[in-house]
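Okay, structure first, notes after.
The values are calculated or read from the model by the stated rules, or taken from the named source; none is laboratory data. Just so it is clear, the structure is predicted and the values come from calculations on it, not from any experiment. As a convention, Cβ positions derive from the backbone with ideal geometry for all residues, glycine included, and neighbour counts pool all protein chains shown. Calculation scope for accessible area: heavy atoms of the full protein, side chains included, ligands and nucleic acids excluded. Shrake-Rupley method; radii C 1.70, N 1.55, O 1.52, S 1.80 Å.
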Amino acid sequence: MTDLPRLAANTPGLPCRLDPEPFYSPDATERSYAAKQCHRCPLLLDCMSYALAADERHGVWGGVDFAARAAGCGTERGYWTHHSRHEAQCEACQAAHDEAVEADRRRRLGAAHAGGGSVRGYWLHRRLNEEACVPCKRAVAAKSAERRAREREACDRARADWDARKVAEELRGAPGGVHALAAAA
């Protein structure tokens, strides 16, 4: 971990030293202004590394508004923020995401049930780790029966085509214009 306080004390003209108020302001607009001021700071990366290592949750560090960043944790948005930053998901964000996914699946399952059950409803039951209801099971059985009937029909058509070609070959016999060889006398 970098010794940021020592580096900051030995570096003149740092924006956070000249006007520290916006860096810890409760106003998001002021913190946004402070974050822009960080972009001209020579300690930008050291400051950000320090804040990440110290798990800083308040203020602007290295051009990042950690107060706004921390506010998103424990929400679906926080989950996607972690995801976009290629960070490991915190437990609160993962739990919020799991809850949102389950709520969406339950909403779609309700729509499937409103239509009397469906194949999609069956698979939503499975994704929710629950036994499928009877209407959804019936929908899957009907879909499977339709698929088997289509496959049977396709097989029957292929067999009929094959039989028709065999009959045509037998009827044709020897090709026209071919004469038997005369035996030598």
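What are the ³J(HN,Hα) values, in whole Hz, obtained from phi via the Karplus relation 6.51 cos²θ - 1.76 cosθ + 1.60 with θ = phi - 60°, for each residue of region 91-97 in sequence order, with x given for Gly and Pro?
4, 5, 5, 4, 5, 5, 5
Output the 0 to 90 degree angle, nearest 10, between the alpha-carbon long axis of helix 28-38 and the longest principal axis computed from the alpha carbons of the chain.
80
At R0 = 35 Å, how high is the FRET efficiency between Trp123 and Leu45 if r is their beta carbon distance? Nearest 0.05 is fine. Walk me through the numbers on the way to the answer.
Numbers: r = 47 Å, r/R0 = 1.35.
After rounding to 0.05, the efficiency reads 0.15.
Students often forget the sequence filter, so: which aspartates and glutamates lie under 12 Å Cα-Cα from Lys36 once same-chain residues fewer than 8 apart are removed?
Leaving aside aspartates and glutamates fewer than 8 places away in the same chain, those within reach of Lys36 are Asp65.
For the chain, with the dipole built from +1 on Lys and Arg beta-carbon atoms and -1 on Asp and Glu ones, taken about the Cα centre, which of Leu171, Val60, Ala139 lies farthest toward the positive end?
It is Leu171.
Students often get this wrong, so try it: which of (1) 8, 18, 15, 11, 10, 10, 9, 7, 5, 4, 2, 1, 0; (2) 8, 30, 35, 20, 6, 1; (3) 9, 37, 41, 13, 0 is P(r) over Cα pairs in 10 Å bins from 0, in percent as calculated from the structure shown?
(1)
Among Gly116, Cys90, Ala160, whose Cα projects farthest towards the positive end of the dipole of region 61-170, with charges put on the beta-carbon of Lys, Arg (+1) and Asp, Glu (-1)?
Among Gly116, Cys90, Ala160, the one farthest towards the positive end of the dipole of region 61-170 is Ala160.
Tell me the carbon and sulfur percent of the accessible area for region 112-153, rounded to whole percent, probe radius 1.4 Å.
Carbon and sulfur: 50 percent of the exposed surface of region 112-153.
Asp19 to Ala53: extension gain in nm, 0.36 nm per residue of separation minus the Cα-Cα distance?
On the way: separation 34, 0.36 × 34 = 12.24 nm, distance 2.43 nm.
This chain segment gains 9.8 nm when fully extended.
If you filter region 33-68 for trypsin sites (Lys or Arg not before Pro), then keep DSSP loop positions with at most 12 other Cβ within 10 Å, what is left?
On the way: sites: Lys36, Arg40, Arg57; in loops: Arg40, Arg57.
Sites meeting the loop and neighbour criteria: Arg40, Arg57.
According to a simple spin-label model (label point 7 Å from Cα along Cα-to-Cβ), what is the distance in nm between Ala92 and Ala111?
3.2
For the chain, what does the accessible surface come to per residue with a 1.4 Å probe? Please give it in Å². Working shown, then result.
Working: 13290 Å² over 185 residues.
That works out to 72 Å² for each residue.
So what is the calculated 222 nm ellipticity per residue for the chain, using -39500 (n - 2.57) for each DSSP H run with n of 4 or more, over all residues, to the nearest 500 deg cm²/dmol?
Values: 9 runs with 118 residues, N = 185.
It comes out at -20500 deg cm²/dmol, rounded to the nearest 500.
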